[in-house]
Amino acid sequence: MSDTRPKKSKLGLREIASVAHVSIATVSRVLNGSNRVDPAIQKSVLAAAADLEIDFLQRKKTKALAFLLCNRAMQHAFHSRILLGAEAYCASRNWELLFQSLDYPAHVPSKELLLPKVLQRHDLVRGVVLAGTNSTNLLELLGEKGVPFVVLGNNVMGEFTDAKCDVVFSDDVQGGHDMTRYLISLGHRCIGFVGNIGLPWFARCFAGYQRAMEEAGLAPRHSTVNSENEAEIGYLGTKSLLARGEPVTAIFAGNDPTAHGVYKALRDSGLNIPDDVSVVGCDDTVGSYLYPTLTTIREFPEQLGKQMVELLVNRIADPGQKPQPVTVPTELIKRDSCRRFQPSEEIAAAGALQGAMI
């Protein structure tokens, strides 16, 4: 009797789904290594593929993602740790991760952007993890090209909605709020914010600070410097804040490298930390190396990287699902750069700042 089974070249997801009595989407999830499939169902799908003599291992040879670091220095500590988390998740799911850096202009139409050649190889790269600093034009281009992607939401420039794509946030807005409330709990009322709020990661942290200040009936005050050099932002922003002659008992730096610049500016002005001015930061990248050690908001970049890859792998397995937003909480880390401040000290603090300006 002749074998009427279709040729193996014709067999695919539909045939496996039929034999395993599951949907095509479920077969796709199993094929792409998604962890959202019940182990018993996964076993059934693999058994059906074996019965049909479909080589899953051959299919999995194209399991590669691209980690695209955009418009940022490759050695940036925060994004390097996101990459480590992404690599760890990929390794646990047998995905390859290719690294690529990309600089592109923010204010040109998406159709004028060129994707790196590696992203044009759909047979090689199945999806993109977008880290670094990104603009909506690249997000639009990837959507137009049908390239699955996930983006770090904290660093998207311009008007951005998380309703159109998979996005992972570090909750630095809440972190900024928690840190400001902590300073207020220590008795500080004259709290300045230093950072470039034209950049989204500073703006988000400032938003949390501003909300906490207003809730406490205090006037937010900030010093913004139009630069991307974080230590420079901290130094010049602090000098500008001190030059106003207003009492400042604590400074909230938009991230740890900025706090490094704040430290230098205070010391160059003859002020001590935390005796004269308390200082806090955000991201916990270099805070433990400063002296005194920096009170800061701990973010979890490795976890951000893992979450980004997980969303992307699930998107590849199930392209029709709704965009998924994920927010990773932050943690307040108390170190030596803050002290409790008594209201009676305000006059002395004002005198110290006046002396620093002379």
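The values are calculated or read from the model by the stated rules, or taken from the named source; none is laboratory data. The model shown is predicted, which means the values in this text are computed figures rather than measured ones. Here the Cβ is made from the backbone with ideal geometry for all residues, glycine too, and neighbour counts use every protein chain on show.
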Return the pairs, sorted by first residue and then second, in which the second residue is of a type in the set (A, V, I, L, M) and surrounded by fewer than 13 Cβ atoms within 10 Å (Cβ to Cβ), the first residue lies in the range 319-340 and is in contact (Cβ under 8 Å) with a residue 24 or more places away in the chain, the beta carbons are less than 9 Å apart, and the residues are 6+ apart or on different chains.
Pro323/Ala163; Pro325/Ala163
What is the one condition in (1) of a type outside the set (Lys, Arg); (2) surrounded by fewer than 23 Cβ atoms within 10 Å (Cβ to Cβ); (3) not assigned by TED's automatic domain parsing to the domain that holds Gly143 that Gly261 does not satisfy?
(2)
Scan the range 231-247 for residues that are modelled with pLDDT under 95 and under 14 Å from Phe193 (Cα atoms) and jot them down.
Arg244, Glu246, Pro247
For the range 163-171, indicate whether the set of residues that are farther than 21 Å from Asp276 by Cβ, in a helix (DSSP H, G or I) and either more than 21 Å from the chain's Cα centre (by Cα) or not β-branched (Val, Ile, Thr) (or both) is non-empty.
no
How many of the residues in the range 70-82 are part of a helix (DSSP H, G or I) and either over 20 Å from Val125 (Cβ atoms) or at pLDDT 95 or above (or both)?
5
Answer with yes or no whether Val22 is outside any helix (DSSP H, G or I), modelled with pLDDT of 85 or more, not assigned by TED's automatic domain parsing to the domain that holds Lys306 and not acidic (Asp, Glu).
yes
If Leu138 satisfies every condition in (1) touching a residue at least 40 places away in the same chain (Cβ under 8 Å); (2) among the aliphatic types (A, V, I, L, M); (3) in contact with a His (Cβ under 9 Å, 6 or more places away or on another chain); (4) assigned by TED's automatic domain parsing to the domain that holds Leu98 but one, which is the exception?
(3)
Checking the structure you have, find out if any residue of the range 238-258 is farther than 26 Å from Pro343 by Cβ, more than 26 Å from the chain's Cα centre (by Cα) and buried (at least 18 other Cβ atoms within 10 Å of the Cβ).
yes
Only one of Val173, Val125 is at pLDDT below 95, out of contact with any Pro (no Cβ under 9 Å at 6 or more places or on another chain) and aliphatic (A, V, I, L, M). Can you tell me which?
Val125
Applying the selection to the range 30-59, what residues are under 29 Å from Lys306 (Cα atoms), modelled with pLDDT of 75 or more and not aliphatic (A, V, I, L, M)?
Asp38, Pro39, Gln42, Lys43, Ser44
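Go through Val118, Val108, Val156 for me and flag whichever is out of contact with any Cys (no Cβ under 6 Å at 6 or more places or on another chain), of a type outside the set (S, T, N, Q), closer than 17 Å to Ile82 by Cβ and in contact (Cβ under 8 Å) with a residue 12 or more places away in the chain.
Details: Val118 fails: closer than 17 Å to Ile82 by Cβ; Val108 fails: closer than 17 Å to Ile82 by Cβ.
None of the others qualify; the one that does is Val156.
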Surrounded by fewer than 22 Cβ atoms within 10 Å (Cβ to Cβ), of a type in the set (Lys, Arg) and within 30 Å of Phe149 (Cβ to Cβ) - does that describe any residue in the range 298-316?
yes
Could you run through the range 217-267 and say how many residues are touching a Lys or Arg at 6+ places or on another chain (Cβ under 8 Å) and part of a helix (DSSP H, G or I)?
5
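Which ones in the range 81-94 are touching a helix residue (DSSP H, G or I) at 6+ places or on another chain (Cβ under 8 Å) and small (Gly, Ala, Ser)? Talk me through it step by step, then tell me what you get.
The first filter runs over the range 81-94 and keeps only residues touching a helix residue (DSSP H, G or I) at 6+ places or on another chain (Cβ under 8 Å), leaving 81-90, 93-94.
Once the filter is applied, which keeps residues that are touching a helix residue (DSSP H, G or I) at 6+ places or on another chain (Cβ under 8 Å) and small (Gly, Ala, Ser), the range 81-94 yields Gly85, Ala86, Ala88.
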If I filter the range 208-217 for residues that are in the same structural domain as Val279 (by TED's automatic domain parsing), more than 23 Å from Thr327 (Cβ to Cβ) and modelled with pLDDT of 95 or more, do I get at least one hit?
yes
